[in-house]
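The values are calculated or read from the model by the stated rules, or taken from the named source; none is laboratory data. As the structure is a computational prediction, the values presented were derived from the model and not from experiment. No Cβ is skipped: glycine too gets one built from the backbone with ideal geometry, and neighbour counts run over all protein chains shown. Only protein heavy atoms, including side chains, enter the accessible area calculation; ligands, DNA and RNA are left aside. Shrake-Rupley method; radii C 1.70, N 1.55, O 1.52, S 1.80 Å.
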Amino acid sequence: MGPQSGNFVHRAKKLEEAINTFDPERALLTEEELDAFFVDRGKGPLEEMKILLTESSTPQKILFTGHRGSGKSTELARLAHSLKESFFIVFLSAEEILDLRDINYPDIILTMAMELFGRAAEERLRLNRKLMEDIHAWFRETFKEVEVTVSKGQGVSAGLKAYFAGLEGKLEREAVTRRLVREKVEPRLSQLLERLNLLIADVERKARKKVLIIVDDLDHADLKVAKELFYEHGAALSQPECHLIYTFPIALRHDNDFIQMREGFTDLLPVLPNFRLRDEEGNPDKGGRRLLRELVLKRAEEALFEEAALEQLVNQSGGLTRQLVRLVRLAALEALMAERDRITADDVEEAVSRLRQDYEVLLDSKQREALRRVRETKRVENDELHRSLLHNLSVLEYRNRHLWYDVNPIVTPLLEERP
């Protein structure tokens with residue numbers, strides 16, 4: 001899921017508290033959360049993006065990738081906090097605002113415009129009145145068949161804010177409204193982009209900062225949907241005249257059309273790597289294992305874990321942040337049901353078994369055979385089968401001295417079960 005904020009910044013001293021501090025659906029968004037729980041991976045793709053955004057004289061359009069659950073939302077939140085003095089930042093979760101099962105490029109452009117205006121209203125920027133009137137009139141005329149109730153007698157800015165809130169709510173809830181809005185937007189997309197760009201320019205003048213729009217969670221979309229967005233409509237997605245960051249499915253790097261998908265975006269393709277457990281030859285990576293252990297112990301007291309359990313959690317995480325957090329939570333539930341006050345190796349094994357059952361149902365014989373080849377060769381093929389395995393996290397990408405691949409440790413035991 002997309003990032004969700006909330007106050008859960010105290011290290012768990014009891015297993016009951018760990019249920020909240022190890023919520024896999026919550027990214028670290030606020031400065032307080034980041035200060036309490038963030039684990040610094042050292043210099044990497046976020047530093048590259050920060051330099052590029054800060055030093056570039058032209059708007060940068062960046063595709064940011066990495067496995068689902070690798071921690072991209074948290075890293076982007078940290079980047080946003082570090083740049084807030086220099087940039088006017090709009091951080092939007094496509095998964096929270098839109099429906100990733102039913103998403104199209106007009107949805108994204110439209111949402112950008114509404115969210116940018118919403119942020120400007122929060123910051124109480126005195127935007128150009130004629131521009132606000134024009135935008136309001138364009139929306140009401142374009143979507144006149146969509147009933148959006150607003151109170152009369154409001155000022156221009158307040159009226160537009162209320163209108164956007166109503167329209168956004170209907171887009172989120174109603175598939176019929178989404179289809180109707182797309183029918184109206186697609187032939188008028190150039191008009192919408194023109195108004196969005198005028199709004200960007202006005203916000204930059206009034207805020208005295210460059211606009212940066214971060215669109216998170218598009219990497220969670222189905223691969224077919226994501227490819228349509230970036231291959232067929234990437235040019236439209238890169239048209240807003242401001243700095244842009246889109247999350248992008250890592251599996252699409254292995255698509256034959258990847259080069260065309262990158263057109264219109266910066267040459268830099270930052271990749272957030274998984275934490276490293278070992279190298280390609282199987283030698284332990286002490287630094288990566290230490291960071292994963294630190295991630296757990298920032299959120300919970302060490303006394304809540306048997307040492308063997310903690311070691312097993314790190315091993316079974318595959319270097320994925322969300323998988324590690326999910327395993328700790330499930331293991332805590334197992335321990336609580338057994339009326340224990342600490343997590344044992346048996347609790348971790350039960351948690352691993354529960355996650356493995358998802359793959360046991362999911363993987364067919366052809367996929368399992370492909371996974372056996374990945375385990376042996378540490379490579380993936382450039383085909384639909386291997387892209388699907390990367391997308392469902394059966395196969396994980398690692399970066400030590402070289403780029404290589406391996407089977408998710410949760411899945412590995414299933415490969416011994418031959419038909």
Check your understanding: Does LEU333 satisfy being touching a residue at least 40 places away in the same chain (Cβ under 8 Å) and buried (at least 16 other Cβ atoms within 10 Å of the Cβ)?
Key -> yes
Point to revise | One residue from LYS206, LYS170, LYS210, LYS184 being touching a His at 6+ places or on another chain (Cβ under 8 Å) and either surrounded by fewer than 16 Cβ atoms within 10 Å (Cβ to Cβ) or of a type in the set (Lys, Arg) (or both) | key: LYS210
Point to revise | Single residue of LEU355, LEU389, LEU385, LEU336 found to be among the aliphatic types (A, V, I, L, M), assigned to a helix (DSSP H, G or I) and within 24 Å of ALA36 (Cβ to Cβ) | key: LEU336
Study note, to complete from the structure: For helices (runs of 4 or more DSSP H) lying entirely in the range 54-143, having 3 or more residues that are out of contact with any Phe, Trp or Tyr (no Cβ under 6 Å at 6 or more places or on another chain) and of a type outside the set (A, V, I, L, M) picks out 72-83, 105-122, 129-142
Revision key, fill the gap. Taking the range 366-382 and keeping residues out of contact with any His (no Cβ under 8 Å at 6 or more places or on another chain) and part of a helix (DSSP H, G or I) leaves LYS366, GLN367, ARG368, GLU369, LEU371, ARG372, ARG373, ARG375, GLU376, THR377
Exercise for review: Considering (1) more than 27 Å from LEU131 (Cα to Cα); (2) out of contact with any Lys or Arg (no Cβ under 7 Å at 6 or more places or on another chain), say which one PRO187 fails and leave the rest.
Suggested key: (1)
Check your understanding: If you check ASP216 against the conditions, is it farther than 17 Å from LEU92 by Cβ and of a type in the set (Asp, Glu)?
Key -> no
Review point. Based on what the data block shows, is GLU95 under 28 Å from PHE37 (Cα atoms) and surrounded by fewer than 14 Cβ atoms within 10 Å (Cβ to Cβ)?
Key: no
Practice item. Could you list, in sequence order, all residues of the range 392-419 that are farther than 21 Å from ASP222 by Cα, touching a residue at least 60 places away in the same chain (Cβ under 8 Å) and not in a strand (DSSP E or B)? Key: ASN400, ARG401, HIS402, PRO409, ILE410
Check your understanding: Can you pull out the residues in the range 190-200 that are crowded, with 17+ Cβ neighbours inside 10 Å and either at pLDDT below 90 or in contact with a Pro (Cβ under 9 Å, 6 or more places away or on another chain) (or both)?
Key -> LEU192, LEU193, LEU196, ILE200
Check your understanding: Within the range 240-251, how many residues turn out to be buried (at least 19 other Cβ atoms within 10 Å of the Cβ) and under 14 Å from MET112 (Cβ atoms)?
Key -> 6
Review point. Going by the conditions given, is LEU223 modelled with pLDDT of 95 or more and either surrounded by fewer than 19 Cβ atoms within 10 Å (Cβ to Cβ) or of a type in the set (Ser, Thr, Tyr) (or both)?
Key: no
Point to revise | Filter result for VAL328 (more than 24 Å from ASP279 (Cβ to Cβ), at pLDDT 95 or above, under 23 Å from the mean Cα position of the chain (by Cα) and not in a loop (DSSP other than H, G, I, E, B)) | key: yes
Check your understanding: If you check LEU28 against the conditions, is it outside any helix (DSSP H, G or I), touching a helix residue (DSSP H, G or I) at 6+ places or on another chain (Cβ under 8 Å) and aliphatic (A, V, I, L, M)?
Key -> yes
Point to revise | Qualifying position, being modelled with pLDDT of 90 or more and either closer than 30 Å to GLY166 by Cα or of a type in the set (Val, Ile, Thr) (or both), among LEU63, LEU34, LEU15, LEU92 | key: LEU92
Study note, to complete from the structure: Apart from one, (1) surrounded by 21 or more Cβ atoms within 10 Å (Cβ to Cβ); (2) under 30 Å from SER394 (Cβ atoms) all hold for LEU269; the odd one out is (1)
Exercise for review: Give the residue that is farthest from LEU125 (Cα to Cα), with candidates limited to residues of the range 159-171 that are among the hydrophobic types (A, V, I, L, M, F, W, C) and at pLDDT 80 or above.
Suggested key: LEU167
Check your understanding: Which of the residues spanning the range 30-51 are hydrophobic (A, V, I, L, M, F, W, C) and in contact with a His (Cβ under 9 Å, 6 or more places away or on another chain)?
Key -> LEU34, ALA36
Point to revise | Odd one out for ASN104, checked against (1) in contact with a helix residue (DSSP H, G or I) (Cβ under 7 Å, 6 or more places away or on another chain); (2) open to solvent by less than 20 Å² (accessible area, probe 1.4 Å); (3) of a type outside the set (Lys, Arg) | key: (2)
Review point. Quick one: in the range 304-316, which of the residues that are without any contact (Cβ under 8 Å) to a residue 60 or more places away in the chain and part of a helix (DSSP H, G or I) is surrounded by the most Cβ atoms within 10 Å (Cβ to Cβ)?
Key: LEU313
**Study point:** All positions within the range 341-373 that are in contact (Cβ under 8 Å) with a residue 40 or more places away in the chain and open to solvent by 80 Å² or more (accessible area, probe 1.4 Å)
**Key:** ASP341, ARG342, GLU360, SER365
